[in-house]
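The structure appears right after this line, and notes come after that.
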Amino acid sequence: MISVEQALEKILSYVDVLEAQPRPILDCLGQVLAEDVYSTIDIPPLDNSAMDGYAVRSEDTRGATERSPRLLRIVGTATPGCIPKGEVKPGTAIRIMTGAPIPKGADSVVRFEDTDEAQRAGVADEIGVMCEVESGRNVRRASEDITRGSLVLSQGVVLRPSEIGVLASLGRSVVKVIRRPVVAILATGNELVDTGELLPRGKIYNSNSYSVAALVLRYGGIPKMLGIALDSESALVAKLHQGLDADMLITTGGVSMGDYDVVKDVLAKQGEIAFWTVRMKPGKPLAFGTINGLSKTGVARDIPHLGLPGNPVSSMITFELFARPAILKMMGKKNLAKPTIEAVIEETIVNSDGRRIFARAIVEKRGGQYFARRTGPQGSGILTSMSRANGLVVVLEDKSRVEAGDVVPVIMLDWNEEVV
Ligand code: AMP
Ligand code: MG
(Lines give C-alpha, C1' and ligand atoms only; values in the text may rest on other atoms or scores of the structure.)
(Ligands and ions follow the chains in the order given, each with its own letter.)
Protein backbone atom coordinates (compact mmCIF):
# COMPACT_ATOMS: atom_id res chain seq x y z
CA MET A 1 0.00 0.00 0.00
CA ILE A 2 1.19 3.51 -0.73
CA SER A 3 0.42 6.68 1.21
CA VAL A 4 -2.03 9.39 0.18
CA GLU A 5 0.93 11.74 -0.39
CA GLN A 6 2.76 9.24 -2.62
CA ALA A 7 -0.34 8.64 -4.74
CA LEU A 8 -0.96 12.37 -5.13
CA GLU A 9 2.64 13.13 -6.04
CA LYS A 10 2.58 10.48 -8.74
CA ILE A 11 -0.72 11.70 -10.20
CA LEU A 12 0.45 15.33 -10.25
CA SER A 13 3.63 14.30 -12.06
CA TYR A 14 1.41 13.22 -14.97
CA VAL A 15 -0.53 16.46 -15.41
CA ASP A 16 0.65 19.80 -16.76
CA VAL A 17 -0.70 23.31 -16.85
CA LEU A 18 -2.94 23.68 -19.90
CA GLU A 19 -2.49 26.33 -22.55
CA ALA A 20 -3.87 29.88 -22.40
CA GLN A 21 -6.78 31.02 -24.53
CA PRO A 22 -8.76 34.24 -24.90
CA ARG A 23 -12.20 34.05 -23.27
CA PRO A 24 -15.10 36.45 -22.66
CA ILE A 25 -14.57 37.82 -19.16
CA LEU A 26 -17.78 36.38 -17.75
CA ASP A 27 -16.62 32.85 -18.61
CA CYS A 28 -13.43 33.34 -16.61
CA LEU A 29 -14.63 33.24 -13.01
CA GLY A 30 -12.16 31.17 -10.99
CA GLN A 31 -9.68 30.87 -13.85
CA VAL A 32 -6.04 31.91 -13.77
CA LEU A 33 -5.09 35.04 -15.71
CA ALA A 34 -2.51 34.29 -18.40
CA GLU A 35 -1.44 37.84 -19.28
CA ASP A 36 -0.38 41.01 -17.51
CA VAL A 37 -3.25 43.47 -17.80
CA TYR A 38 -2.29 47.14 -18.20
CA SER A 39 -4.73 50.02 -18.26
CA THR A 40 -5.08 52.16 -21.37
CA ILE A 41 -7.24 54.67 -19.49
CA ASP A 42 -7.44 56.66 -16.27
CA ILE A 43 -10.17 55.58 -13.85
CA PRO A 44 -12.01 57.74 -13.12
CA PRO A 45 -11.25 59.57 -16.35
CA LEU A 46 -12.03 63.05 -14.94
CA ASP A 47 -12.43 64.73 -11.55
CA ASN A 48 -16.07 64.10 -10.66
CA SER A 49 -18.58 64.54 -7.90
CA ALA A 50 -18.94 62.00 -5.10
CA MET A 51 -22.30 63.52 -4.06
CA ASP A 52 -25.46 65.10 -5.38
CA GLY A 53 -25.18 68.82 -4.61
CA TYR A 54 -23.63 72.02 -5.91
CA ALA A 55 -20.21 72.48 -7.45
CA VAL A 56 -18.71 75.60 -5.91
CA ARG A 57 -15.49 77.53 -5.34
CA SER A 58 -14.57 76.62 -1.76
CA GLU A 59 -13.55 80.22 -0.99
CA ASP A 60 -17.18 81.25 -1.67
CA THR A 61 -18.33 79.13 1.28
CA ARG A 62 -16.13 80.87 3.90
CA GLY A 63 -18.15 81.66 7.00
CA ALA A 64 -21.30 79.90 5.75
CA THR A 65 -23.53 78.48 8.50
CA GLU A 66 -27.09 77.26 8.75
CA ARG A 67 -28.06 80.60 10.25
CA SER A 68 -26.24 82.75 7.71
CA PRO A 69 -26.05 80.87 4.40
CA ARG A 70 -23.80 82.13 1.59
CA LEU A 71 -25.97 82.86 -1.43
CA LEU A 72 -24.69 81.71 -4.83
CA ARG A 73 -26.27 82.17 -8.26
CA ILE A 74 -27.03 78.89 -10.07
CA VAL A 75 -25.54 78.99 -13.58
CA GLY A 76 -26.17 75.45 -14.83
CA THR A 77 -26.48 71.72 -14.19
CA ALA A 78 -23.87 68.97 -14.50
CA THR A 79 -24.99 65.38 -15.10
CA PRO A 80 -22.97 62.14 -15.36
CA GLY A 81 -21.80 61.30 -18.86
CA CYS A 82 -21.75 64.91 -20.10
CA ILE A 83 -18.95 67.45 -20.11
CA PRO A 84 -20.50 70.38 -18.18
CA LYS A 85 -21.15 73.60 -20.04
CA GLY A 86 -20.27 76.84 -18.34
CA GLU A 87 -17.89 77.76 -15.57
CA VAL A 88 -18.22 78.37 -11.85
CA LYS A 89 -17.13 81.98 -11.44
CA PRO A 90 -16.95 83.75 -8.04
CA GLY A 91 -20.43 83.96 -6.49
CA THR A 92 -21.92 81.18 -8.63
CA ALA A 93 -22.60 77.43 -8.39
CA ILE A 94 -23.55 74.60 -10.75
CA ARG A 95 -26.06 72.00 -9.63
CA ILE A 96 -24.28 68.62 -9.92
CA MET A 97 -25.18 64.91 -9.71
CA THR A 98 -22.99 62.08 -8.40
CA GLY A 99 -20.50 60.99 -11.06
CA ALA A 100 -20.78 64.19 -13.14
CA PRO A 101 -17.48 65.85 -14.09
CA ILE A 102 -16.52 68.83 -11.92
CA PRO A 103 -17.17 72.02 -13.94
CA LYS A 104 -14.40 74.47 -14.69
CA GLY A 105 -13.74 76.90 -11.85
CA ALA A 106 -15.22 74.68 -9.12
CA ASP A 107 -12.97 72.88 -6.64
CA SER A 108 -15.50 71.26 -4.32
CA VAL A 109 -19.08 70.08 -3.95
CA VAL A 110 -21.60 71.05 -1.27
CA ARG A 111 -24.15 68.29 -0.62
CA PHE A 112 -27.84 69.11 -1.12
CA GLU A 113 -28.30 68.45 2.62
CA ASP A 114 -25.90 71.33 3.37
CA THR A 115 -27.87 73.83 1.28
CA ASP A 116 -31.29 75.42 1.71
CA GLU A 117 -32.56 73.82 -1.52
CA ALA A 118 -35.28 71.85 0.26
CA GLN A 119 -36.70 75.03 1.76
CA ARG A 120 -37.04 76.70 -1.63
CA ALA A 121 -40.24 75.93 -3.48
CA GLY A 122 -39.74 75.03 -7.12
CA VAL A 123 -36.73 75.89 -9.24
CA ALA A 124 -34.64 78.68 -7.79
CA ASP A 125 -31.95 80.68 -9.52
CA GLU A 126 -29.90 80.96 -6.36
CA ILE A 127 -28.91 78.63 -3.54
CA GLY A 128 -27.92 79.15 0.08
CA VAL A 129 -24.84 77.20 1.16
CA MET A 130 -25.09 76.41 4.88
CA CYS A 131 -21.60 75.14 5.68
CA GLU A 132 -18.00 75.73 4.72
CA VAL A 133 -16.29 73.22 2.45
CA GLU A 134 -12.56 72.96 1.88
CA SER A 135 -11.05 72.57 -1.57
CA GLY A 136 -11.47 68.99 -2.82
CA ARG A 137 -14.44 68.13 -0.58
CA ASN A 138 -16.71 65.51 -2.22
CA VAL A 139 -14.51 65.41 -5.32
CA ARG A 140 -13.25 62.07 -6.71
CA ARG A 141 -9.93 62.71 -8.41
CA ALA A 142 -9.16 61.59 -11.96
CA SER A 143 -7.09 58.35 -11.91
CA GLU A 144 -7.44 57.92 -8.13
CA ASP A 145 -8.36 54.25 -8.77
CA ILE A 146 -6.26 53.33 -11.83
CA THR A 147 -3.63 55.32 -13.73
CA ARG A 148 -3.31 54.96 -17.46
CA GLY A 149 -0.36 52.72 -18.36
CA SER A 150 -0.20 51.00 -14.97
CA LEU A 151 -0.16 47.24 -14.36
CA VAL A 152 -3.57 46.44 -12.91
CA LEU A 153 -3.70 42.62 -12.76
CA SER A 154 -0.70 40.31 -12.99
CA GLN A 155 -0.46 37.00 -14.77
CA GLY A 156 -1.24 34.16 -12.35
CA VAL A 157 -4.03 35.95 -10.48
CA VAL A 158 -7.18 33.90 -9.91
CA LEU A 159 -10.13 35.86 -11.27
CA ARG A 160 -12.81 36.51 -8.65
CA PRO A 161 -15.92 38.65 -9.16
CA SER A 162 -13.96 41.79 -8.22
CA GLU A 163 -11.28 41.10 -10.85
CA ILE A 164 -13.99 40.45 -13.46
CA GLY A 165 -15.37 43.88 -12.52
CA VAL A 166 -11.94 45.52 -12.74
CA LEU A 167 -11.45 44.02 -16.22
CA ALA A 168 -14.84 45.40 -17.26
CA SER A 169 -13.93 48.83 -15.85
CA LEU A 170 -10.89 48.80 -18.15
CA GLY A 171 -13.18 48.05 -21.08
CA ARG A 172 -11.87 44.52 -21.59
CA SER A 173 -14.47 42.10 -23.00
CA VAL A 174 -11.99 39.26 -23.55
CA VAL A 175 -8.95 38.21 -21.55
CA LYS A 176 -6.35 35.44 -21.76
CA VAL A 177 -6.75 32.70 -19.16
CA ILE A 178 -5.49 29.13 -18.68
CA ARG A 179 -8.24 27.04 -20.19
CA ARG A 180 -10.53 24.76 -18.23
CA PRO A 181 -9.77 21.03 -18.44
CA VAL A 182 -12.33 18.75 -20.04
CA VAL A 183 -12.83 15.75 -17.78
CA ALA A 184 -14.50 12.70 -19.32
CA ILE A 185 -16.53 10.71 -16.79
CA LEU A 186 -17.50 7.08 -17.19
CA ALA A 187 -19.37 4.92 -14.67
CA THR A 188 -18.78 1.18 -14.84
CA GLY A 189 -21.10 -1.53 -13.61
CA ASN A 190 -23.61 -4.05 -14.96
CA GLU A 191 -25.92 -3.00 -12.14
CA LEU A 192 -26.18 0.65 -13.19
CA VAL A 193 -29.14 2.43 -14.74
CA ASP A 194 -29.17 6.09 -15.70
CA THR A 195 -31.42 8.64 -14.02
CA GLY A 196 -34.77 9.09 -15.72
CA GLU A 197 -34.99 5.40 -16.64
CA LEU A 198 -37.21 2.81 -14.97
CA LEU A 199 -35.33 0.85 -12.30
CA PRO A 200 -35.46 -2.91 -12.95
CA ARG A 201 -35.26 -5.18 -9.90
CA GLY A 202 -31.68 -5.67 -8.79
CA LYS A 203 -30.35 -2.54 -10.48
CA ILE A 204 -29.32 0.79 -8.95
CA TYR A 205 -29.15 4.30 -10.34
CA ASN A 206 -25.79 5.65 -11.43
CA SER A 207 -25.06 8.38 -8.90
CA ASN A 208 -21.27 8.53 -9.25
CA SER A 209 -21.26 10.15 -12.67
CA TYR A 210 -23.32 12.99 -11.27
CA SER A 211 -21.49 13.56 -7.99
CA VAL A 212 -18.17 13.43 -9.87
CA ALA A 213 -19.40 15.76 -12.63
CA ALA A 214 -20.65 18.21 -10.01
CA LEU A 215 -17.21 18.15 -8.38
CA VAL A 216 -15.56 18.75 -11.76
CA LEU A 217 -17.81 21.79 -12.24
CA ARG A 218 -17.17 23.04 -8.72
CA TYR A 219 -13.42 23.05 -9.28
CA GLY A 220 -13.63 24.73 -12.67
CA GLY A 221 -13.45 21.83 -15.12
CA ILE A 222 -15.83 20.89 -17.91
CA PRO A 223 -17.43 17.46 -17.43
CA LYS A 224 -17.95 15.29 -20.48
CA MET A 225 -20.48 12.58 -19.64
CA LEU A 226 -19.64 9.23 -21.21
CA GLY A 227 -22.49 7.42 -19.51
CA ILE A 228 -22.34 3.86 -18.24
CA ALA A 229 -20.14 0.97 -19.42
CA LEU A 230 -20.91 -2.67 -18.75
CA ASP A 231 -18.24 -4.65 -16.93
CA SER A 232 -16.47 -6.02 -19.96
CA GLU A 233 -13.23 -4.92 -21.54
CA SER A 234 -14.84 -4.31 -24.91
CA ALA A 235 -17.67 -2.18 -23.48
CA LEU A 236 -15.21 -0.17 -21.45
CA VAL A 237 -12.82 0.41 -24.35
CA ALA A 238 -15.66 1.48 -26.65
CA LYS A 239 -16.90 4.07 -24.16
CA LEU A 240 -13.44 5.28 -23.20
CA HIS A 241 -12.68 5.98 -26.84
CA GLN A 242 -15.38 8.64 -26.82
CA GLY A 243 -13.38 10.49 -24.20
CA LEU A 244 -9.98 10.47 -25.85
CA ASP A 245 -10.18 14.18 -26.68
CA ALA A 246 -10.50 15.03 -22.97
CA ASP A 247 -7.70 16.28 -20.74
CA MET A 248 -8.42 13.66 -18.09
CA LEU A 249 -10.50 10.49 -17.89
CA ILE A 250 -12.25 9.47 -14.72
CA THR A 251 -13.92 6.10 -14.33
CA THR A 252 -15.74 4.91 -11.25
CA GLY A 253 -15.96 1.32 -10.13
CA GLY A 254 -14.30 -1.81 -11.42
CA VAL A 255 -11.01 -1.33 -9.58
CA SER A 256 -11.48 -3.83 -6.77
CA MET A 257 -10.63 -7.52 -6.72
CA GLY A 258 -13.98 -8.82 -8.02
CA ASP A 259 -14.56 -10.84 -11.19
CA TYR A 260 -16.02 -7.84 -12.99
CA ASP A 261 -13.37 -5.33 -12.06
CA VAL A 262 -11.91 -4.82 -15.52
CA VAL A 263 -10.77 -1.18 -15.39
CA LYS A 264 -7.22 -2.07 -14.46
CA ASP A 265 -7.03 -4.70 -17.22
CA VAL A 266 -8.06 -2.11 -19.78
CA LEU A 267 -5.58 0.40 -18.42
CA ALA A 268 -2.83 -2.17 -18.62
CA LYS A 269 -3.59 -2.88 -22.29
CA GLN A 270 -4.40 0.63 -23.50
CA GLY A 271 -1.61 2.55 -21.89
CA GLU A 272 0.56 2.68 -18.86
CA ILE A 273 -0.83 1.54 -15.55
CA ALA A 274 -0.20 2.11 -11.91
CA PHE A 275 -2.66 0.28 -9.74
CA TRP A 276 -2.50 0.98 -6.11
CA THR A 277 -4.06 0.30 -2.89
CA VAL A 278 -3.79 3.56 -1.01
CA ARG A 279 -3.46 3.57 2.76
CA MET A 280 -6.78 5.32 3.30
CA LYS A 281 -10.35 4.59 4.35
CA PRO A 282 -12.64 4.83 2.53
CA GLY A 283 -11.14 4.56 -0.93
CA LYS A 284 -8.44 1.94 -0.73
CA PRO A 285 -8.41 0.74 -4.36
CA LEU A 286 -7.33 3.36 -6.87
CA ALA A 287 -6.17 2.85 -10.42
CA PHE A 288 -4.11 5.43 -12.20
CA GLY A 289 -2.44 5.44 -15.56
CA THR A 290 -2.39 7.00 -18.96
CA ILE A 291 -4.40 6.04 -22.00
CA ASN A 292 -3.15 6.59 -25.50
CA GLY A 293 -5.24 9.33 -27.03
CA LEU A 294 -5.20 12.11 -29.56
CA SER A 295 -4.93 15.86 -29.22
CA LYS A 296 -7.39 18.15 -31.02
CA THR A 297 -4.87 18.50 -33.82
CA GLY A 298 -4.58 14.72 -34.16
CA VAL A 299 -1.23 14.36 -32.40
CA ALA A 300 -0.79 11.28 -30.18
CA ARG A 301 -0.69 12.05 -26.48
CA ASP A 302 -1.22 10.27 -23.20
CA ILE A 303 -4.33 11.13 -21.26
CA PRO A 304 -4.20 10.70 -17.50
CA HIS A 305 -6.83 8.23 -16.34
CA LEU A 306 -7.97 8.09 -12.74
CA GLY A 307 -9.92 4.95 -11.84
CA LEU A 308 -11.90 5.84 -8.73
CA PRO A 309 -13.53 3.18 -6.56
CA GLY A 310 -17.22 2.49 -7.18
CA ASN A 311 -18.63 3.06 -3.74
CA PRO A 312 -20.35 6.44 -3.88
CA VAL A 313 -18.62 7.90 -0.82
CA SER A 314 -15.22 6.51 -1.82
CA SER A 315 -15.43 7.97 -5.30
CA MET A 316 -16.21 11.43 -3.91
CA ILE A 317 -13.48 11.38 -1.29
CA THR A 318 -10.82 10.04 -3.67
CA PHE A 319 -11.93 12.71 -6.14
CA GLU A 320 -11.38 15.43 -3.53
CA LEU A 321 -7.96 14.05 -2.64
CA PHE A 322 -6.60 13.17 -6.10
CA ALA A 323 -8.72 14.47 -9.00
CA ARG A 324 -9.28 17.93 -7.57
CA PRO A 325 -5.57 18.83 -7.21
CA ALA A 326 -4.96 17.50 -10.73
CA ILE A 327 -7.71 19.73 -12.13
CA LEU A 328 -6.43 22.76 -10.22
CA LYS A 329 -2.87 22.13 -11.45
CA MET A 330 -4.10 21.92 -15.06
CA MET A 331 -5.87 25.25 -14.52
CA GLY A 332 -2.60 26.86 -13.46
CA LYS A 333 -3.49 27.19 -9.79
CA LYS A 334 -0.76 27.15 -7.17
CA ASN A 335 -2.72 26.41 -4.04
CA LEU A 336 -3.79 22.79 -4.44
CA ALA A 337 -4.58 22.04 -0.81
CA LYS A 338 -8.13 21.87 0.42
CA PRO A 339 -8.73 24.20 3.41
CA THR A 340 -8.02 22.39 6.68
CA ILE A 341 -8.85 23.50 10.20
CA GLU A 342 -8.33 22.10 13.67
CA ALA A 343 -11.38 20.97 15.60
CA VAL A 344 -12.15 19.27 18.89
CA ILE A 345 -13.53 15.80 18.15
CA GLU A 346 -16.59 14.99 20.22
CA GLU A 347 -16.38 11.21 20.07
CA THR A 348 -13.77 8.47 20.08
CA ILE A 349 -12.69 7.15 16.68
CA VAL A 350 -10.85 3.83 16.52
CA ASN A 351 -8.43 3.21 13.66
CA SER A 352 -8.12 -0.54 13.50
CA ASP A 353 -5.99 -1.22 10.41
CA GLY A 354 -3.42 1.52 10.07
CA ARG A 355 -5.02 3.38 7.18
CA ARG A 356 -5.75 7.10 7.09
CA ILE A 357 -9.39 7.61 7.99
CA PHE A 358 -11.46 10.34 6.37
CA ALA A 359 -14.60 10.41 8.52
CA ARG A 360 -17.58 12.37 7.28
CA ALA A 361 -18.28 14.96 9.94
CA ILE A 362 -20.42 17.88 10.93
CA VAL A 363 -18.27 20.81 12.03
CA GLU A 364 -19.74 23.58 14.16
CA LYS A 365 -18.23 26.69 15.69
CA ARG A 366 -19.11 27.31 19.30
CA GLY A 367 -17.47 29.99 21.45
CA GLY A 368 -14.68 30.63 18.97
CA GLN A 369 -13.75 26.94 18.71
CA TYR A 370 -14.56 24.32 16.08
CA PHE A 371 -16.15 21.02 17.15
CA ALA A 372 -16.63 17.95 14.95
CA ARG A 373 -18.74 14.81 15.19
CA ARG A 374 -19.39 12.06 12.66
CA THR A 375 -22.52 12.10 10.55
CA GLY A 376 -23.59 8.61 11.63
CA PRO A 377 -22.96 5.26 9.92
CA GLN A 378 -19.76 5.52 7.88
CA GLY A 379 -20.36 2.80 5.28
CA SER A 380 -18.82 3.87 1.98
CA GLY A 381 -22.09 3.11 0.20
CA ILE A 382 -24.07 5.53 2.37
CA LEU A 383 -24.01 8.65 0.23
CA THR A 384 -26.31 10.61 2.55
CA SER A 385 -23.51 10.47 5.14
CA MET A 386 -21.55 12.65 2.70
CA SER A 387 -24.52 14.90 2.10
CA ARG A 388 -24.89 15.60 5.82
CA ALA A 389 -21.17 16.35 6.21
CA ASN A 390 -19.38 19.67 5.86
CA GLY A 391 -15.96 18.28 6.73
CA LEU A 392 -13.75 15.21 6.74
CA VAL A 393 -12.08 14.40 10.06
CA VAL A 394 -8.61 13.02 9.36
CA VAL A 395 -7.22 10.27 11.60
CA LEU A 396 -3.64 9.62 10.55
CA GLU A 397 -2.47 6.09 9.83
CA ASP A 398 -0.09 6.01 12.81
CA LYS A 399 -2.88 6.80 15.29
CA SER A 400 -4.80 3.79 16.58
CA ARG A 401 -7.51 5.99 18.06
CA VAL A 402 -8.46 9.55 18.82
CA GLU A 403 -10.31 10.28 22.04
CA ALA A 404 -13.23 12.61 22.53
CA GLY A 405 -11.73 16.03 23.32
CA ASP A 406 -8.62 15.54 21.15
CA VAL A 407 -7.83 18.17 18.54
CA VAL A 408 -7.92 16.72 15.01
CA PRO A 409 -7.40 18.11 11.51
CA VAL A 410 -10.58 18.51 9.49
CA ILE A 411 -10.70 19.06 5.74
CA MET A 412 -13.49 21.53 5.07
CA LEU A 413 -15.58 20.40 2.11
CA ASP A 414 -17.32 23.62 1.17
CA TRP A 415 -14.86 26.37 2.04
CA ASN A 416 -13.67 28.45 -0.85
CA GLU A 417 -9.97 27.67 -1.12
CA GLU A 418 -9.23 30.92 -2.95
CA VAL A 419 -9.74 32.94 0.21
CA VAL A 420 -8.08 30.83 2.92
P1 AMP B 1 -17.14 -1.59 -7.61
O2 AMP B 1 -15.96 -0.74 -7.21
O3 AMP B 1 -17.41 -1.53 -9.07
O4 AMP B 1 -16.98 -2.97 -7.10
O5 AMP B 1 -18.40 -0.95 -6.89
C6 AMP B 1 -18.47 -0.90 -5.50
C7 AMP B 1 -19.88 -0.56 -5.05
O8 AMP B 1 -20.26 0.70 -5.53
C9 AMP B 1 -20.93 -1.53 -5.56
O10 AMP B 1 -21.88 -1.75 -4.54
C11 AMP B 1 -21.55 -0.82 -6.73
O12 AMP B 1 -22.86 -1.22 -6.97
C13 AMP B 1 -21.49 0.62 -6.28
N14 AMP B 1 -21.36 1.49 -7.45
C15 AMP B 1 -20.47 1.36 -8.44
N16 AMP B 1 -20.63 2.32 -9.37
C17 AMP B 1 -21.67 3.08 -8.96
C18 AMP B 1 -22.32 4.22 -9.50
N19 AMP B 1 -21.91 4.78 -10.64
N20 AMP B 1 -23.34 4.77 -8.81
C21 AMP B 1 -23.75 4.21 -7.65
N22 AMP B 1 -23.17 3.14 -7.08
C23 AMP B 1 -22.15 2.56 -7.73
MG1 MG C 1 -18.48 -2.65 -10.36
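The values are calculated or read from the model by the stated rules, or taken from the named source; none is laboratory data. It should be emphasised that the depicted structure is a prediction, and the values quoted were computed from it without experimental measurement. Cβ sites come from the backbone with ideal geometry, for glycine too, and all protein chains shown count toward neighbours. Please note that ligands, DNA and RNA were not included when accessible areas were found on the heavy atoms of the full protein model with its side chains. Shrake-Rupley method; radii C 1.70, N 1.55, O 1.52, S 1.80 Å.
Magnitude of the Cβ-charge dipole of the range 76-220, K/R +1 and D/E -1, about the Cα centre, nearest 20 debye?
That gives the range 76-220 a dipole magnitude of about 840 debye.
Given 0.36 nm per residue, what is the gain on full extension from Lys269 to Thr384 after removing their alpha carbon distance, in nm?
Numbers: separation 115, 0.36 × 115 = 41.40 nm, distance 3.63 nm.
Extra length from Lys269 to Thr384 when fully extended: 37.8 nm.
Under a 1.4 Å probe, what is the accessible area of the chain per residue, stated in Å²? If you can, show how the numbers build up before the last one.
Numbers: 19970 Å² over 420 residues.
Averaged over the residues of the chain, the accessible area is 48 Å².
Counting only residues 5 or more places away or on other chains, whose amide H sits under 5 Å from the amide H of Gly227 once H atoms are built in the peptide plane?
Under 5 Å from the amide H of Gly227 lie the amide H atoms of Ala187, each far enough along the sequence or on another chain.
Could you point to the residue in Val394, Trp415, Thr375 farthest towards the positive end of the range 372-420's charge dipole, with +1 and -1 charges on the Cβ of Lys/Arg and Asp/Glu respectively?
Checking the options against the dipole of the range 372-420, the answer is Thr375.
May I ask you to derive the FRET efficiency for Glu35 and Arg67 from their Cβ-Cβ distance with R0 = 56 Å, giving the value to the nearest 0.05? Intermediate results must be reported in sequence, preceding the final value.
Working: r = 59 Å, r/R0 = 1.06.
According to the calculation, E is roughly 0.40.
Starting from the Cα-Cα distance between Leu151 and Ile222, subtract it from 0.36 nm times their residue separation and give me the gain in nm to one decimal.
Details: separation 71, 0.36 × 71 = 25.56 nm, distance 3.09 nm.
Result: 22.5 nm gained on full extension.
Nearest 0.05, what FRET efficiency do Val350 and Ser295 give at R0 = 45 Å with Cβ-Cβ as r? Don't jump to the answer; show the numbers that get you there.
Values: r = 49 Å, r/R0 = 1.09.
The value I calculate is 0.35.
Where does each of Met130, Met225 land when they are ordered by accessible area, with a 1.4 Å probe and the largest first?
Details: Met130 30, Met225 90 Å².
Correct descending sequence by accessible area is Met225, Met130.
In this model, which of Lys264/Lys334; Lys281/Lys333; Lys281/Lys338; Lys281/Lys399; Lys284/Lys338; Lys176/Lys296 are farther than 22 Å apart at the alpha-carbon?
Lys264/Lys334; Lys281/Lys333, as the Cα separations exceed 22 Å there.
Once fully extended, how much extra length lies between Glu197 and Asp414, figured as 0.36 nm per residue of separation less the alpha-carbon to alpha-carbon distance?
Working: separation 217, 0.36 × 217 = 78.12 nm, distance 3.10 nm.
This chain segment gains 75.0 nm when fully extended.
Would you work out which of Ala78, Cys131, Ile362 lies farthest towards the positive end of the dipole of the chain? Charges go on Cβ: Lys and Arg +1, Asp and Glu -1.
Ile362
At a 1.4 Å probe radius, carbon and sulfur cover how many percent of the accessible area of the chain? The partial results should precede the final answer.
Working: 10520 of 19970 Å².
Exposed carbon and sulfur together represent 53 percent of the surface.
Give me the dipole magnitude in Debye, nearest 20, for the range 68-116 about the Cα centre, with unit charges on the beta carbon: positive for Lys and Arg, negative for Asp and Glu.
200
Any idea what angle helix 208-218 forms with the longest principal axis of the chain, computed on alpha-carbon atoms, 0 to 90 degrees, nearest 10?
30
To test your reading of the geometry: what angle, between 0 and 90 degrees and rounded to tens, separates the Cα axis of helix 4-13 from the longest principal axis of the chain?
70
In deg cm²/dmol and to the nearest 500, what is the mean residue ellipticity at 222 nm of the chain if only DSSP H runs of at least 4 residues count, each as -39500 (n - 2.57), divided by the residue total? Could you put the intermediate results ahead of the total?
Values: 8 runs with 66 residues, N = 420.
The helix contribution divided over the chain gives -4500 deg cm²/dmol.
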